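Participant: First the structure, then my questions, so here it is.
The values are calculated or read from the model by the stated rules, or taken from the named source; none is laboratory data. What you are looking at is a predicted structure, and each value in this text was computed from that prediction instead of being measured. As a convention, Cβ positions derive from the backbone with ideal geometry for all residues, glycine included, and neighbour counts pool all protein chains shown. Only protein heavy atoms, including side chains, enter the accessible area calculation; ligands, DNA and RNA are left aside. Shrake-Rupley method; radii C 1.70, N 1.55, O 1.52, S 1.80 Å.
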Amino acid sequence: MYVRQFMTSQVFTVSPDESIADTLALMREKKIDRLPVLEKGKLVGFVTDGDLREVSPSPATTLSIFELNYLIAKTPIREVAVKKVVTCHPDTRIEDAALLMREHKIGGLPVLEEGKLVGIITGYDILGAFLDIMGSRSPGERVVIEAKDKIGVLLDIATTIKHFDVDVTSFAFYHQKDNHIQFLVHLNGEQVNEAKVSLEEKGYNIKN
């Protein structure tokens, strides 16, 4: 699974000369919370609504409302945007993009291909990928199969399920610390219960 499968290709951007006020207005209008900063087609920065809130004057300031409005209307984004932008490529693996976000404590990555901005991927997109991997949108009954982590267990589970009138609509697994493994599957069909009973008879622990 790669970034290009989950990124947003229609990216709204701002120029370095846009004001804080105009940028905040654009974010509100488009219901987004981060914007790449482009200058002559080149990525030169990245700004989030959090960045803008940090530099916007506090209501407790001694400035008048007119001075406040003047300040946010005249301060250009180049003054507040992050200059060293962490990016990724469309063919970056989704898990590597997630690691980049976690390591740098950021919520989104501009996606560059041959130096050109082609998309943006955010934590929400990563969450969507996770939900797809876990089969949250897949039809059928969610079944968790717990087993010892050993060679041949996956083949045995697949062979057991194959004997029944069920389709496996999603499949994922997780290695636990106690030398056990959990298989998360969605089973769809007339004989889901029969398949679960057969797995239990073979010694697998079944949970929903």
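Participant: Six or more apart or on different chains, Cβ under 8 Å: which pairs go from a residue in the stretch 14-37 that's more than 13 Å from residue 122 (Cβ to Cβ) and part of a helix (DSSP H, G or I) to one that's open to solvent by 50 Å² or more (accessible area, probe 1.4 Å) and polar (S, T, N, Q)? Could you list them?
Facilitator: So the pair list comes out as 21/69.
Participant: Going through the stretch 1-13 one residue at a time, which ones are assigned to a loop (DSSP other than H, G, I, E, B) and either in contact with a Ser or Thr (Cβ under 7 Å, 6 or more places away or on another chain) or at pLDDT below 90 (or both)?
Facilitator: 1
Participant: Looking only at residues that are touching a residue at least 40 places away in the same chain (Cβ under 8 Å) and more than 12 Å from residue 165 (Cβ to Cβ) in the stretch 188-202, which one is most open to solvent (accessible area, probe 1.4 Å)?
Facilitator: Within the stretch 188-202, the match that is most open to solvent (accessible area, probe 1.4 Å) is 202.
Participant: Please enumerate the residues belonging to the stretch 2-22 that are more than 29 Å from residue 94 (Cβ to Cβ) and open to solvent by less than 80 Å² (accessible area, probe 1.4 Å).
Facilitator: 15, 16, 18, 19, 20, 21
Participant: Now for a separate question. Residue check, residue 139 against (1) in contact (Cβ under 8 Å) with a residue 40 or more places away in the chain; (2) closer than 20 Å to residue 202 by Cα; (3) open to solvent by 70 Å² or more (accessible area, probe 1.4 Å), all met but one. Which one?
Facilitator: For residue 139, the exception is condition (2).
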